[in-house]
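One structure is given here, and the rest of the page talks about it.
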Amino acid sequence: MTDETNSKIIAFFQEIDKYYGSKTEITEGLYSRTEDFDATMTTWNLSEFTLIRSAYRKKGDRFMIEGEKMYYEISAKIIIDFKQPGRNTYEFVEQYGFNVFRITKIKFHYKY
């Protein structure tokens, strides 16, 4: 991961508090073989909640976001890609094994 990508991830989490109180959608996909990523060959999960808090857990290097009865973590050490494909929409890709990946798409329904 580049220093520029690292800076963008840090900026995202430093500014995430502006989304507190916003409806938040997390779409999570598990897949293998990045060279031919195909959404139809991915296992998907969708969660919706109101974002109430976020933090960084040093032990384990995890970014955390939380809503009522909802808790989600992203492993900082294994992020291989981060982008903002749209307004208030972000994507993280983590590599958990040689060919095992998790894509996390976060969309905030932000009023501003």
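Just a few scattered comments:
- Within the chain, the longest run free of trypsin sites (Lys or Arg not before Pro) that sit in a DSSP loop with at most 12 other Cβ atoms within 10 Å is 1-32.
- On the principal axes of its alpha carbon atoms, the stretch 66-112 extends 40, 27, 14 Å, with the longest extent given first.
- Taking every alpha-carbon pair under 8 Å whose residues sit at least 6 apart, the chain reaches a relative contact order of 28 percent.
- Think of a 1.4 Å ball rolled over the protein heavy atoms: the chain then has 63 Å² of accessible area per residue.
- Longest segment of the chain lacking GluC sites (Glu not before Pro) that sit in a DSSP loop with at most 16 other Cβ atoms within 10 Å: 16-67
- With Cα atoms, 0 to 90° folded angle of helix 3-14 axis to the chain main axis: 30 degrees
- log10 of Debye I(q)/I(0), alpha-carbon scatterers only, for the stretch 35-101 at 0.11 Å⁻¹: -0.33
- Extension gain for residue 55 to residue 83 (0.36 nm times residue separation, less C-alpha to C-alpha distance): 8.1 nm.
- Straightening the chain between residue 14 and residue 45 buys 8.6 nm, computed as 0.36 nm per residue apart minus the Cα-Cα spacing.
- Here residue 73 and residue 36 are evaluated by their C-beta separation; at R0 = 35 Å the FRET efficiency comes out at 0.80.
- Whole-percent carbon and sulfur share, accessible surface of the chain, 1.4 Å: 49 percent
- Binning all Cα-Cα separations of the chain at 10 Å, short to long from zero, yields these whole-percent fractions: 13, 47, 33, 6, 0.
- The stretch 36-107: chymotrypsin sites (Phe, Trp or Tyr not before Pro) in DSSP coil with no more than 16 other Cβ atoms inside 10 Å: 37, 98
The values are calculated or read from the model by the stated rules, or taken from the named source; none is laboratory data. Everything numeric here is computed off the predicted structure, so don't read it as measured data. Backbone-built Cβ (ideal geometry, glycine too); neighbour counts: all protein chains shown. The accessibility values were calculated without ligands, DNA or RNA, using every heavy atom of the protein model including side chains. Shrake-Rupley method; radii C 1.70, N 1.55, O 1.52, S 1.80 Å.
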